[in-house]
Amino acid sequence: MLDRRAILLAGASLATTASLLRAAPAPESPIKQFRLIAAPSRQSIFGASGPDTDVWSYGSNVPGPELRVRQGDRIQVLVENRLPEETTVHWHGLRVPNAMDGVAHITQKPIGPGETFTYEFDCLDAGTFWYHPHHHSSAQVARGLYGALIVDERNPIAVDRDITWVLSDWRLQKDASIKNDFNNLHDVGHNGRIGNTVTVNGRIPGNFDVRAGERIRLRLINAANARIFGLEFEGHTPQVIALDGHPVEPHAPANNRIVLGPAMRADILLDLRGQPGKRYRVVDTFYRRREYKLLDLAYDDAAQLRDLADAKPIRLPANPLSEPDLENAERHDITLGGGMMGGMISAIMDGQRANMRTLMHNGLLWSINDVAAKGHTLDPFLTLKRNQSCRLTLINDTAWHHPMHLHGHVFRVIARNGQPTRHSEWQDTAMMDPRERVEIAFVADNPGDWMFHCHILEHQSGGMFGLIRVI
């Protein structure tokens, strides 16, 4: 059974910025301490019947240990690097001080081989988050460096089980080794590194054992480099109760399909109303003509635990987020460009306009506001005053999907193609369809230089990233 128990493992100036979002912990709330060791290891992706795969992991397993705390806790994570190259850890979706954000050369010096770094911050928001490198991330994440970070509500909701599924994929060869073709220009210019083997919690899934009458809180995390998941639960109607960790009005997903771009999360209530002894498929239907069964919900033969006919959705308590003033917000347009199939002809690189051949020679095929980002010496493309409300219109002028992620903040998704969204959901990663316009709004209340980038990691490495400065 793929339940949470089965995936737990044992185991200004920078100083000024680091203090801005941290209050001294109360004496009765000691710092929660963790240790993560990033190192090469081996993973049984195929189970006992198949060969092991050489991976990089935290704590000798993929995904890494599930770090679990309660809202308001301060955590301290000592990261030890036993990899053959530098690394960092980014706390995806958490509103941390800038110095704790884990972006190499921008918020911190990378952690060298044999070195350690200690991250420390308060967990302001309850929800489903995750951690991964933000240095050579297109290769390091693809090798297995990621894990879940769960921040429980102060009063967790009543469910029978609280389950985490970390979804990902791998590009494996016949001997189960990872194909070493990271950041090839085809992947960079198209839809990223799509793997040929999909896993749940680091292994090819089979059955997920359930009992009729159960209510499960299922936390879905997309840790893949580029794969977009569109999950349909046959015979069931999941209720979405949180997106990217933040509560949303409980609702059934559009077309009864949960769509998660890379880095996105969804918490769903899954009421098990199937018949004892029966099996129901969970199918990924996102890519047309490439549908496949992820796993089976396998009901045991036991009698129904309870009657769910009158079960009501559960609404989670709101997180302490500042509501943007939409009428008086500062407005900016951000245009995404590039990629194959009618994409980039030229763009600014290193302060000068470069043609397509020069861009490709540097591995760059994407841009934000006509700039193809290269290296780490970036000027911000947008500077905001602290506590200023901001409305950004994101314009996808490409033929490809882009899950756009903003560090250090959470935004409301308020419109798509000019139409107000139904739920105005709080998110940190906004999925954009090709040629789509998405409007987001937030309060710039966390000072520092913050990455804004596509979380298809090959698109990020190919130039689709930049900095938003809050002063």
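The values are calculated or read from the model by the stated rules, or taken from the named source; none is laboratory data. Not measured: the values here are computed from a predicted model. Here the Cβ is made from the backbone with ideal geometry for all residues, glycine too, and neighbour counts use every protein chain on show. Just the protein is used for accessible areas: all its heavy atoms, side chains included, with ligands, DNA and RNA removed. Shrake-Rupley method; radii C 1.70, N 1.55, O 1.52, S 1.80 Å.
Report, as a whole number in µm² per second, the diffusion coefficient that Stokes-Einstein gives for the stretch 57-165 at 20 °C and 1.002 mPa s using the Kirkwood radius over alpha carbon pairs.
The calculation lands on 148 µm²/s.
Using alpha carbons only, how many angstrom separate the centre of the stretch 130-181 from the centre of the stretch 226-298?
Taking the Cα centre of the stretch 226-298 as reference, the centre of the stretch 130-181 is 17 Å away.
Let me know the whole percent of all Cα-Cα pairs from the chain that are separated by more than 35 Å.
Numbers: 30933 of 110685 pairs.
Across the chain, Cα pairs with separations above 35 Å total 28 percent.
Taking the highest mean first, how do the peptides 303-310, 139-146 order by number of other beta carbon atoms within 10 angstrom per residue? Each step should come with its number before you reach the end.
Details: 303-310: 11.0, 139-146: 24.6.
So the order, starting with the most tightly packed, is 139-146, 303-310.
DSSP loop GluC sites (Glu not before Pro) in the stretch 284-341 with at most 10 other Cβ atoms within 10 Å of their Cβ, which ones? Please report the intermediate quantities before stating the final value.
Values: sites: 291, 327, 330; in loops: 291, 327.
For GluC sites (Glu not before Pro) across the stretch 284-341 that sit outside H, G, I, E and B with at most 10 neighbouring Cβ atoms in 10 Å, the list reads 327.
Provide the packing ranking of 278-289, 168-179, i.e. peptides ordered by the mean count of other C-beta atoms within 10 Å per residue, highest first.
Details: 278-289: 14.8, 168-179: 16.5.
Those peptides, ordered most packed to least, come out 168-179, 278-289.
Quick one: what does P(r) look like for the stretch 341-383 with 5 Å bins over all Cα pairs, in whole %?
Going out from 0 Å in 5 Å bins, the stretch 341-383 shows 5, 24, 36, 21, 9, 4, 0 percent.
Under 17 Å between alpha carbons, and skipping anything fewer than 8 positions from residue 174 in its own chain: which aspartates and glutamates qualify?
Counting by Cα, and skipping residues close in sequence, residue 174 has these aspartates and glutamates nearby: 52, 54.
What number, rounded to the nearest 500 deg cm²/dmol, is the helix-based mean residue ellipticity at 222 nm of the chain, given -39500 (n - 2.57) per DSSP H run of at least four residues and division by all its residues?
Per the formula, -1000 deg cm²/dmol.
At 37 °C and a viscosity of 0.692 mPa s, what translational diffusion coefficient does Stokes-Einstein give for the stretch 93-247, taking Rh as the Kirkwood radius over Cα pairs? Give it in µm²/s as a whole number. Could you put the intermediate results ahead of the total?
Working: Rh = 18.0 Å.
This corresponds to a translational diffusion coefficient of 182 µm²/s.
Would you mind telling me the share, in percent, of accessible area of the chain contributed by carbon and sulfur at probe 1.4 angstrom?
Details: 8980 of 18860 Å².
Answer for the chain is 48 percent, counting heavy atoms of protein chains only.
Give me the 1.4 Å probe accessible area per residue for the chain, excluding ligands and nucleic acids, in Å². Could the numbers behind the result be given before it?
On the way: 18860 Å² over 471 residues.
Per-residue value: 40 Å².
Report, largest value first, the span of the C-alpha coordinates of the stretch 119-195 along each principal axis, in whole Å.
Extents along the principal axes, in whole Å: 47, 30, 22.
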